[in-house]
Every structure is written in C-alpha cells, then in structure tokens.
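**Student:** The structure that follows is given in the form of structure tokens.
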Amino acid sequence: MRGLMMEMPLLVSDLIRHADRHHRDTPIVSRRVEGDLHRYTYHDAHERSRRAANALGKLGLQPGDRVATLAWNGYRHFEIYYAVAGSGMVMHTVNPRLFPEQIAWILNDAKDKVLFLDLTFLPLVQKILPLCKHLKHLVLMTDRAHMPAGAEGLLCYEDLLAAETDAFEWPALDENTACGLCYTSGTTGNPKGALYSHRSTVLHAYAICLPDAMCLSASDSALPVVPMFHANAWGLPFAAPLVGAKLVFPGAALDGKSLHALFESERVSFSAGVPTVWGGLIQYMRENRVRLTTLKRTIIGGAPCPPAMIRALEDEFGIEVNHAWGMTEMSPLGSVCKLKEKHLSLPPEERRAIREKQGRVVFGVDWKIVDSEGRDLPWDGKAFGDLHVRGPWVVSGYYEAAQSPLIDGWFPTGDVATIDADGFLRITDRSKDVVKSGGEWISSIALENIAMAHPAVQEAAVIACRHPKWDERPLLIAVLKPGQQLAREELIAFYEGKVAKWWIPDDVVFAKELPHTATGKLMKTALREQYRDHPLPAATAASSGKVVA
Ligand code: AMP
C-alpha cells in the first residue's frame, strides 16, 4: 500500500538532537562534585556529547561495546549517556552503593571496556581494579586542574573532549539496537542485567511525559533526585530533552539542606525520588521552618510511599505527591497514581485513600494478577496475587542469560498486588516478604504504613517471624523519631480497628536504624537474618492466629 508514514527508527540520539534544535537555550544546571554549580544549555550538551562520541572512537570502542559509569547525576554523566547510546554502544550505569565485590562482579559480567567515574569513586575503583578483567580505560569525569594525586594512568574527561571536534554524525541505527544496561539491586543472588533498546527507551520517554504519568513539559524545571544509576533516573534524562524541560542535577549532595537550596535557586517545579530522600527533606524543612516555594509536584516510588509522607508533603508543604510503581526490568515505569474524573467529587479522605495506591497502568504496559496456579484473579481491590506485566519496555530476558523469566509471554514481577475495579494497583508485598500466618497472607507494607502514621514513629519494617503454630507471625521493627518515647503496648494498640485482629503484629522491637539497599529499599533479608527467631511473647502469639480471631 502506498502513502504510508515515513519509516524512521526511534533513536536516543534524536532526543538530544531535538532538544538542541528546538530548545537550544534551555538550561541544564548541575551541582558538581568539585563543589560549584555548572550551567549550560541543551545546545552545549549536544555539542559536547558529539565530542565525547568522537573520543569513544579514539579509545577503540566499537558499536555494541559496553561502557560503564560510576557517577552522580550531572551534566558530564548526561553527555556520556548520549555519546555512548547515540553512537551504538551500550551505556551501563553501575550503582556505586553496592558492595565493592558486587560492583566488580557486574563490571566483569557486562565485560565493560571503559569506565567513566566521578572523583568521589576513585578510592572505590582503585580497590576493585585488580578484580576487573575487561576494563581497558578509566576516565575521571573532571578537568585537569582537579585530577588528584594517585590518578596516574587515568584519562581526564575534559582533556579527551578538548582534543575532539563536534563533527560527528549520529549513526542511523536499527531501533532495536541495545543502548542501555542496568543491573537490578540483587537483594538475593547475583544482580541481573536489564538491557534497554533505543525503541524501548524512546517509547518509555514518551509515556512518562503523559499528563497522568509525570506530566512533564517545556515549562518545567525538573530535578531528578533519583540517581542516573538507578533505572536511568526513571527515564528523566531522556524525557526532559523530549519535551524541552529545564534539567537540574543535584550531584552528590542529596541531604535535605543541599536539595532545598538547589530546589529554590533553580525554581524547580517537578522532582522524583525514593521515599527516604523525601524523608530527609521533610525533616530539614520542619526543623528550619522553611518551605519549597516553586515545587508543585513530585513522583515518589521505588519503594512504598508511606501515606504519612503523602499527608506531610501535601498538607504541610502544599506539594502534590504522585505515588508511582515500577522496576528496573520495566525501564522502570509501570504506574502512577492520578485520579479519574469520577473521583474528583469524592470527599477528601476517599480521594486520599485512592491516591495512596500505586496507581493506574501507563499505556504501553499491561498487567494481571494471578494465583499460584497462574489463574487470573478478579480486579476487586481485595484478591491479591502475583503481578505479571508485559509491554514494549518490559524485559524479555536478562542480559546474556540462557533462561527466559517470562511465563506465557508475561514477566513475573515478584510483587504481590491487588487491582481494583477502576484499575488501581496496590502493592501489598514482595512475594518473599509476605507474612504467611496459618496459610493466610498478611501484607507487611500495610502494617508498616500504619506504624509510620503514628506520630512518634520515623520508620518501620514488618517481617515474618517463625511461629510454632501459625508458621509465621508479623514482627514490627520500629525506629522512633529523635526525642520520642513509645511503649511496645501503645504501638500494638495503635493497630486496633485499623486491620483485622489476626494481622496485628505479635511483637515490637525498637531499633536505632533500619538497613536499606543501594536503591533505598528496606533490606528485609538482613532484618530476617537478625530477627527471624525473635522470641514472640507466648500469650499474644497463642491468641493471634486467624482461626482464633
Ligand atoms: P528496582 O528495580 O530496584 O527499582 O526495584 C523494583 C521493586 O521496587 C518493585 O518490584 C517493587 O517491589 C518495589 N517498588 C517500586 N516502587 C514501589 C512502590 N511505589 N510501592 C511498593 N513497592 C515498590
């Protein structure tokens, strides 16, 4: 048939080319590891990423080669994203918060040939270098003046760029060429690589700009707090050039004070990050009696956002919170929680109850919940089962792995969830974190959210403890806010009337802090190691099974 649309591949390089042509003077502002604020434009970023692409060629890299980064959110990292992906290589963002041995394992598994690193990570890299088998070049992402002693043999990023021109044509690649690689945080076993393509990355970037997703536009000043090494900062380095949004990169300074200063000076209107970061910011704003005067809305995800946090940000600080869910294997966005038109007339508390969920699916992803036999479960907001997903930005397999994780074409997320009649998802657990009491499931996230709504509680984790009669019973591990006191009995009483009696935790342990993974999630494996055999109070335990209640 004649007269069809133009056949043009979806390529990552077109995002930066578009931003240069149509948003030439839109700023990108970065807090540098060197300490100061750096400011330039999409035009400059495009120019420098082409110089970087020429430099990659000089280092002997070929299309398909993996190039690793250990870097914070900043303009040089952004340039490398485009230089590597745009020229047909694979941009491998490595999470520097993993254990050093795990980082070496990942670099070896990906067979990375070049590693770009921020100054911060030089000691880490020097430690693991003897373990890394494939690295040919190390490039310090700084200028000559900041090259430290002990960096002999390392290349200097600014020197590499200064030696090149911007005469570089982005190659016309097949849109199914690999462009990015990100390993899962690997709470169990070795991390696994999710390999993104140009097509999946561009489609994902379109999708996350939609009004019911991140609602990103050219009138936004967007600050990704979520690191570029955690699922590509949730796609923002691709979505911002797509719409021409101003980009603000926070570098290594992710504490409440530094973030607050940057949000204010750069008039940030939109941000995205995991709950722990927002916790730090809220604490800073309360202690210093300050507000964020330009921030309108934020996406919180990567771990369950406690309802108490939504309440604090919206009611105390006037910032709209949109709870979102996704995973590295999904590029990462799956869902965002925004209301439907019919919900707008509901009383505020009912609207709030909906907005605490993980939200509705973004077009491009489809999902279902299934029981242990793989049978579809109803979307009634009550039945919970294993969540399976599919879509053009969902992995079909792990990097270089022989076995496909897919079940009948669907990717099993490992999350347990309910879906209601309006299509809103509620994640109740990771499947391995569910508390199985007398054969029935108890949602650890629901119990954590209740504890965190108590004014004295800063953070809470619920894990399964071994129990002679019920197999497992919930144990609450709570961290109190500074200066607060609370008795075990008071916290247990706080659950009454909020959940079924047999869900109420059998015991409470007060801890100074809770362990987190490299991507800000509660590290329940460590907590289970420590508390699995915690002796539960006999009287409570004996009367707390579902049958008795
Ligand atoms: P990662 O690939 O490191 O981003 O981890 C993905 C996992 O984080 C998901 O499978 C969920 O278990 C968890 N997760 C992400 N967002 C949320 C959320 N909003 N609520 C609950 N769990 C979440």
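**Student:** Sort out which residues of region 513-525 are at negative phi and either within 16 Å of the ligand (Cβ to nearest atom) or over 25 Å from the mean Cα position of the chain (by Cα) (or both), and write them in order of number.
**Tutor:** Residues satisfying the conditions are L514, P515, H516, T517, A518, T519, K521, L522, M523, K524, T525.
**Student:** Here's another thing I want to ask about it. Go through region 406-417 residue by residue and tally those that are open to solvent by less than 30 Å² (accessible area, probe 1.4 Å) and within 13 Å of the ligand (Cβ to nearest atom).
**Tutor:** Qualifying residue count for the region: 6.
**Student:** Considering only region 493-521, state which residues are part of a helix (DSSP H, G or I), surrounded by fewer than 18 Cβ atoms within 10 Å (Cβ to Cβ) and touching a residue at least 40 places away in the same chain (Cβ under 8 Å).
**Tutor:** Of all residues in region 493-521, those part of a helix (DSSP H, G or I) come to 493, 501-503.
Going one step further and asking which of them are surrounded by fewer than 18 Cβ atoms within 10 Å (Cβ to Cβ), we end up with 493, 501.
The one that is part of a helix (DSSP H, G or I), surrounded by fewer than 18 Cβ atoms within 10 Å (Cβ to Cβ) and touching a residue at least 40 places away in the same chain (Cβ under 8 Å): K501.
**Student:** Among the residues of region 418-466, which ones are open to solvent by 20 Å² or more (accessible area, probe 1.4 Å) and in a strand (DSSP E or B)?
**Tutor:** R426, R430, K436, E440, W441, Q458, E459, R466
**Student:** Surrounded by 15 or more Cβ atoms within 10 Å (Cβ to Cβ), modelled with pLDDT of 90 or more and touching a Cys at 6+ places or on another chain (Cβ under 6 Å), is that true of R528?
**Tutor:** Criteria not met by R528.
**Student:** Also: State all residues of region 63-73 that are in contact with a Lys or Arg (Cβ under 9 Å, 6 or more places away or on another chain) and open to solvent by 10 Å² or more (accessible area, probe 1.4 Å); if no residue qualifies, say none.
**Tutor:** D65, R66, W72, listed by residue number.
**Student:** With region 191-244 as the region, which helices (runs of 4 or more DSSP H) entirely inside it contain at least 3 residues that are more than 19 Å from N322 (Cα to Cα) and touching a residue at least 40 places away in the same chain (Cβ under 8 Å)?
**Tutor:** In region 191-244, the matching helices (runs of 4 or more DSSP H) lie at 198-209, 236-243.
**Student:** Another question about this same structure. Within region 104-159, work out how many residues are in a helix (DSSP H, G or I), closer than 25 Å to P63 by Cβ and of a type outside the set (S, T, N, Q). So that I can check it myself, show each step before the final result.
**Tutor:** Kept after step one, since they are in a helix (DSSP H, G or I), are these residues of region 104-159: 104-110, 119-131, 144-146, 157-159.
Now narrow it down to the ones that are closer than 25 Å to P63 by Cβ: 106-110, 157, 159.
With of a type outside the set (S, T, N, Q) added as a condition, the list becomes 106-107, 109-110, 157, 159.
Total meeting the criteria: 6.
**Student:** Does P100 satisfy the criteria of being open to solvent by 10 Å² or more (accessible area, probe 1.4 Å) and free of Cβ contacts under 8 Å to residues at least 60 places away in the same chain?
**Tutor:** yes
**Student:** Okay, moving on. Quick check, is H146 open to solvent by 40 Å² or more (accessible area, probe 1.4 Å), out of contact with any Asp or Glu (no Cβ under 9 Å at 6 or more places or on another chain), of a type outside the set (A, V, I, L, M, F, W, C) and under 19 Å from H77 (Cα atoms)?
**Tutor:** Values: open to solvent by 40 Å² or more (accessible area, probe 1.4 Å): yes; out of contact with any Asp or Glu (no Cβ under 9 Å at 6 or more places or on another chain): no; of a type outside the set (A, V, I, L, M, F, W, C): yes; under 19 Å from H77 (Cα atoms): yes.
So H146 fails the test.
**Student:** Among the residues of region 159-173, how many are surrounded by 14 or more Cβ atoms within 10 Å (Cβ to Cβ) and under 15 Å from E47 (Cβ atoms)?
**Tutor:** 6
**Student:** Here's something else I'd like to know. Do we find that R144 is out of contact with any strand residue (DSSP E or B) (no Cβ under 8 Å at 6 or more places or on another chain), on the phi < 0 side of the Ramachandran plot and of a type in the set (K, R) in this structure?
**Tutor:** No.
**Student:** Those residues that are modelled with pLDDT of 95 or more, open to solvent by 10 Å² or more (accessible area, probe 1.4 Å) and within 17 Å of the chain's Cα centre (by Cα), I need them from region 214-250; list them, please.
**Tutor:** Hits for region 214-250 are P227, N232, W234, F238.
**Student:** Within the group L333, L339, L344, which residue is loosely packed, with under 12 Cβ neighbours inside 10 Å, more than 24 Å from N190 (Cβ to Cβ) and in contact with a helix residue (DSSP H, G or I) (Cβ under 9 Å, 6 or more places away or on another chain)?
**Tutor:** On the way: L333 fails: loosely packed, with under 12 Cβ neighbours inside 10 Å; L339 fails: loosely packed, with under 12 Cβ neighbours inside 10 Å.
Matching residue, one of L333, L339, L344: L344.
**Student:** Here is a follow-up. If the Cβ limit is 6 Å and pairs must be 6+ apart or interchain, which residue in region 317-336 that is within 18 Å of P392 (Cβ to Cβ) pairs with which residue that is within 6 Å of the ligand (Cβ to nearest atom) and assigned to a helix (DSSP H, G or I)?
**Tutor:** From residues that are within 18 Å of P392 (Cβ to Cβ), the pairs are T328/A231; P332/A231.
The values are calculated or read from the model by the stated rules, or taken from the named source; none is laboratory data. Predicted model, so just to flag it, every value in this text is computed and none were measured. So basically every Cβ, Gly included, is an ideal-geometry build from the backbone, and we count neighbours across all protein chains shown. Protein only, heavy atoms only, side chains kept; ligands, DNA and RNA dropped before computing areas. Shrake-Rupley method; radii C 1.70, N 1.55, O 1.52, S 1.80 Å.
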